[in-house]
1. Quick one: if you stick a label point 7 Å off each Cα along the C-beta vector at THR70 and VAL214, how many nm between them?
2. Between beta-carbons, use under 14 Å as the cut-off and find the net charge around THR269, counting Lys and Arg +1, Asp and Glu -1.
3. Over the Cα atoms of segment 221-273, what radius of gyration and what Dmax do you get, in Å?
4. For a 26 Å ceiling on Cα separation, which of these pairs sit above it: LYS157/LYS263; LYS92/LYS138; LYS138/LYS246?
5. Could you line up TRP224, TRP39 from fewest to most neighbouring Cβ atoms inside 10 Å?
6. Grab the Cα-Cα distance for GLU120 and LYS263, subtract it from 0.36 nm times how many residues apart they are, and report the gain in nm with one decimal.
7. If I model a spin label as a point 7 Å beyond the Cα along the Cα-Cβ vector, how far apart are those points for GLU185 and THR231 in nm?
8. For ALA76, what is the net charge nearby, where nearby means another residue's Cβ is under 15 Å from its Cβ and Lys, Arg count +1, Asp, Glu -1?
Amino acid sequence: MNEFCSADYSESEAMHSLRATGIAPSTAEAYARDVRYFWAWASAAIGFASPVYPVCIPTLQLFVRHHLITMPPPVANRLVTLGYRRRCEPLKARTILRYLASLAVEHLVRGLRSPCDHPELKFILKRSSRRQGKKKLKAITADVLYDLVQTCGKDPKSQRDRALLMVAFASGGRRRSELVALRIEDLLPVEGGYLAHLPEHKTQTTTLLQFPIVGEAYEALSAWLTSAGLTEGFVFRHITRSGKIKGPLGARAVYRIVHHRLKLAGYDTRGFGSHSLRAGFITEAARYGVSLPEAMALSSHKSIAVALEYYREGEMLDNPALRLEVKPRLKISRIG
């Protein structure tokens, strides 16, 4: 007999409830995507015909074991066939934690107690995370950004990419969810640029996220909007191969644009991501002697610890002690 309770409303309704709490649409979609993957795995591994809640601990333990150690070939092949995975290699502990966190949110919006914080699950993943170590993204600093911008010509995609890269870096290291959500109606003209107002954003620490777009970022953005003839709607758009401007970019497209420009500039793309621009802003702020609170006021980082990692790296690279010269000292003989 199935020990689960049937879900009393659909995923779309749960998504609607989640968005109503003030979570950014891209974040809500990321949660939903993780939950869809979990139930695709549950269907292949256990045989569930449809999602049922709450999820029991043995099912979560099996999910962790399959993704942390090894997955039976029939289950792996099914997920690959359905397009959920390209290859079913073991996942990092932090990735599995992300799936569990998304599943926990799904329980929350359904008014159910989440089983995802079970002590045994947390213990196993914490130990695995320590063994695997944490891989930090490489920062796209000002010198790297310069090389990326140099790959942009005068065609529509180049103008869009230049504007996106410059705004992402120079306006405080914007998240990709903020970039794809930005609309022309959100841009308030001010002296020397724009003041962007974003009603929906990841942190939701205030009702409105504001950040300036000035200098070279403003020039690149203005050039893109003018050449594309955009006067309303989303700022950053998908462009077809024939050059037609379509709907808004997805968050994943920002990652692809960053990697495309890195390749054109001759960089090894391993270790870089769309978040590298955000990390690069904090790193450069430290190099220029900008205080961490001032940098975070623009970047809207929630975690001081996360921002501090890249800030310390910037301070370290500009440390005067790095310029100590290796040369013989003048020896002074003692008298008497």
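1. Once both label points are built, they end up 6.0 nm from each other.
2. Values: positive: LYS138, ARG256, ARG261, LYS263, ARG270; negative: ASP147, ASP268.
The answer is +3.
3. When restricted to the Cα atoms of segment 221-273, Rg and Dmax are 13.1, 37 Å.
4. Details: LYS157/LYS263 15 Å; LYS92/LYS138 18 Å; LYS138/LYS246 31 Å.
Long pairs (Cα-Cα over 26 Å): LYS138/LYS246.
5. So the residues, fewest neighbours to most, are TRP39, TRP224.
6. Going from the current span to full extension adds 47.2 nm.
7. For the pair GLU185/THR231, the computed spacing is 1.6 nm.
8. It works out to a net charge of +4.
Bear in mind these aren't lab numbers, they're just calculated from the coordinates by the rules spelled out. Quick caveat, the model's predicted, so the values are computed rather than measured. Cβ: placed from backbone, ideal geometry, glycine included. Neighbour counts: every protein chain shown.
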